[in-house]
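So the structure is just underneath, and the comments pick up after that.
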Amino acid sequence: MDKLKKVLSGQDTEDRGGLAEVVEASSLSWGTRIKGFIACFATGIVCSLLGTLLLWVPRKGLYLFAVFYTFGNIASIGSTVFLMGPMKQLKRMFEPTRLIATIMVLLCFALTLCSAFWWHNKGLALIFCILQSLALTWYSLSFIPYARDAVKKCFAVCLA
């Protein structure tokens, strides 16, 4: 368990310099990190669900849906910053193995908001939200070893 804590908090490096000691001294405790992760993730889920419910409100529902649903997903992704730290999270997001998934997630965030604010198209916003969820799932699977390969094989078997 201690090894997992060290890896997730970015303390897995053997070579510790003066800067690493300063960062370690000013960082959050493991308990605080877990609480921050849970709070941020729960906020993301609540915002996403609230956004889905607000979709059917007359006139402003589309705008509220796009903002709350997208903000909820951003908060859910952002919750892992508490576990890893902001720089490690950004580095891991843009690693070659998950670069395409990260780009798709960010593109779906932008297109959801564009379909709501500029194009005023509820159907398109709903499609982009579905794509947003699929892209987030694929992105999340990239953090689990062999998970994307297992999903690919499962779909290959189901479609064959």
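The values are calculated or read from the model by the stated rules, or taken from the named source; none is laboratory data. In this text, all values refer to a predicted model and were calculated from it rather than measured experimentally. Cβ placement follows ideal geometry from the backbone for every residue including glycine, while neighbour counts extend to all protein chains displayed. Accessible surface areas use protein heavy atoms only, side chains included; no ligands, DNA or RNA. Shrake-Rupley method; radii C 1.70, N 1.55, O 1.52, S 1.80 Å.
Remarks
- Filtered residues of the range 27-79 (kept if in contact with a helix residue (DSSP H, G or I) (Cβ under 9 Å, 6 or more places away or on another chain) and assigned to a loop (DSSP other than H, G, I, E, B)): S27, L28, L55, W56, V57, K60, S79
- If you check K91, K153 for being basic (K, R) and closer than 26 Å to S29 by Cα, only one passes: K91.
- Residues within the range 88-138 that are open to solvent by 70 Å² or more (accessible area, probe 1.4 Å), within 12 Å of the chain's Cα centre (by Cα) and either under 20 Å from L62 (Cα atoms) or of a type in the set (S, T, N, Q) (or both), tallied: 2
- Of note, E21 satisfies the criterion of being at pLDDT below 65, out of contact with any Phe, Trp or Tyr (no Cβ under 7 Å at 6 or more places or on another chain) and either open to solvent by less than 90 Å² (accessible area, probe 1.4 Å) or assigned to a helix (DSSP H, G or I) (or both).
- Residue count for the range 139-151, restricted to those that are surrounded by fewer than 11 Cβ atoms within 10 Å (Cβ to Cβ) and in a helix (DSSP H, G or I): 1.
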